[in-house]
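See below for the structure under consideration.
The values are calculated or read from the model by the stated rules, or taken from the named source; none is laboratory data. Treat the numbers as computed from the prediction; the structure is a model and nothing was measured. All Cβ positions, even for glycine, are placed from backbone atoms using ideal geometry, and neighbour counts span all protein chains on display.
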Amino acid sequence: MIADLVEGILGGLGKIIGRILVEFVFELIFYFIGYSTVKILTLGKYPTKNSTDSQDSIISCVGIVVVIIIVAVFIWGNNRI
């Protein structure tokens, strides 16, 4: 009975810590990569300072795509002989 209680508490803490880490990676790392990419590609016009949540999500998705492309290029380049 106590083991189930401890297991439930630790499982809940693990989920919370995992969620915080995912939010940290998604919001900080991917957002700033996407923000920089969009600023460069649009010559500073977008994103604006008053961006909405949907624009922030799009910027983060751009960051994910950029990271995937960079990883793919490195893998492709290292596999060439």
message: Condition check: among the hydroxyl-bearing types (Ser, Thr, Tyr), under 19 Å from residue 25 (Cα atoms) and out of contact with any Gly (no Cβ under 7 Å at 6 or more places or on another chain). Does residue 60 satisfy that?
response: no
- request: Run residue 81 past the list (1) at pLDDT below 75; (2) part of a helix (DSSP H, G or I) and report the number of the one that doesn't hold.
  value: (2)
- request: Could you tell me whether residue 17 is of a type outside the set (Ser, Thr, Tyr), surrounded by fewer than 14 Cβ atoms within 10 Å (Cβ to Cβ) and at pLDDT 90 or above?
  value: no
Answer from 45, 39 - the residue that is basic (Lys, Arg) and surrounded by 13 or more Cβ atoms within 10 Å (Cβ to Cβ): 39
- request: Scan segment 38-45 and give yes if some residue there is at pLDDT below 85 and not basic (Lys, Arg), otherwise no.
  value: yes
query: Quick one: what pairs do we get from segment 35-54, first residue assigned to a helix (DSSP H, G or I), second among the β-branched types (Val, Ile, Thr), C-beta under 8 Å, 6+ apart or different chains?
result: 35/59; 37/62; 37/66; 38/59; 38/62
